[in-house]
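Trainee: Sharing a structure below in structure tokens format, with a few things to ask.
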Amino acid sequence: HHRVPVGQLKAPWPPSLMTHRAILSVDGSEIPLDGRLAVGEKGALRLVALGAMGQVVFDLLAEPGAAPRVLRTAPAFPAAWARDFAGRDIDTVFRAQPAACRVETHGGWARLVAPDGTWIRHVWPEPAGSVSVRTPTWSRIEGVRFGSRFGGDCVYRVSALEPKAFEGLAQPVPSRVRIEAVGYTLDIRIVDLKPGPPPERLFVAPAAGS
């Protein structure tokens, strides 16, 4: 195999504001959610999940190099779930991978090895029978394993599907993401994407009591 320059393998979505429609399946029950996701230019993420009636289910801020912070939740929704699982999912799927990671390509797939020992296997299509090492993007992540940061090992699969040409983007990006994890599945459809860095105020936690 050969090495790709560190930090070259990135998620396919640029800094932007997205609107999601999602179905969370837990223990045989399906929970519809709407999402508003801000993807910052420097890697910060802000996710507000809304219920069927438009109420805030949870509001989550994930900054690079820091544990996700739950800014608020609905009374019946466990804050730990938002922090540990929703935080993990947006960090894995929508954040460009940190420059400290090492990326190795092996034919049609690539492995990204993080400094803390976690690893992610990225798979993407091979146009014309060969991988483009200049601008690789993933179509599927398999075997995402996390250590004690999320309470032990957890292996799941993420698939990025259905490329769509959103206005303002030079090329199509996946409009659907499916996450299959231990204990739940999450099917996300990106129904709107406004490219460009979101306002920095979205990534500032409100002061206590505000």
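Trainee: Any chance the range 69-87 includes a residue that's crowded, with 18+ Cβ neighbours inside 10 Å, under 19 Å from Val191 (Cβ atoms) and modelled with pLDDT under 90?
Mentor: no
Trainee: Something else: Take the residues of the range 162-210 that are small (Gly, Ala, Ser) and assigned to a strand (DSSP E or B): which is surrounded by the fewest Cβ atoms within 10 Å (Cβ to Cβ)?
Mentor: Ranking the qualifying residues of the range 162-210, first place goes to Ala181.
Trainee: I've got another one for you. Mind checking which residues of the range 15-46 are among the basic types (Lys, Arg), surrounded by 14 or more Cβ atoms within 10 Å (Cβ to Cβ) and without any contact (Cβ under 8 Å) to a residue 60 or more places away in the chain?
Mentor: Passing the criteria: only Arg36.
Trainee: Out of the residues in the range 32-56 meeting the condition of being over 30 Å from Ala165 (Cβ atoms) and of a type in the set (A, V, I, L, M), tell me which one is nearest to the chain's Cα centre (by Cα).
Mentor: Here the answer is Val56.
The values are calculated or read from the model by the stated rules, or taken from the named source; none is laboratory data. A quick note: this is a predicted structure, and the numbers were derived from the prediction, not measured. Cβ atoms come from the backbone with ideal geometry, glycine included; neighbour counts cover every protein chain shown.
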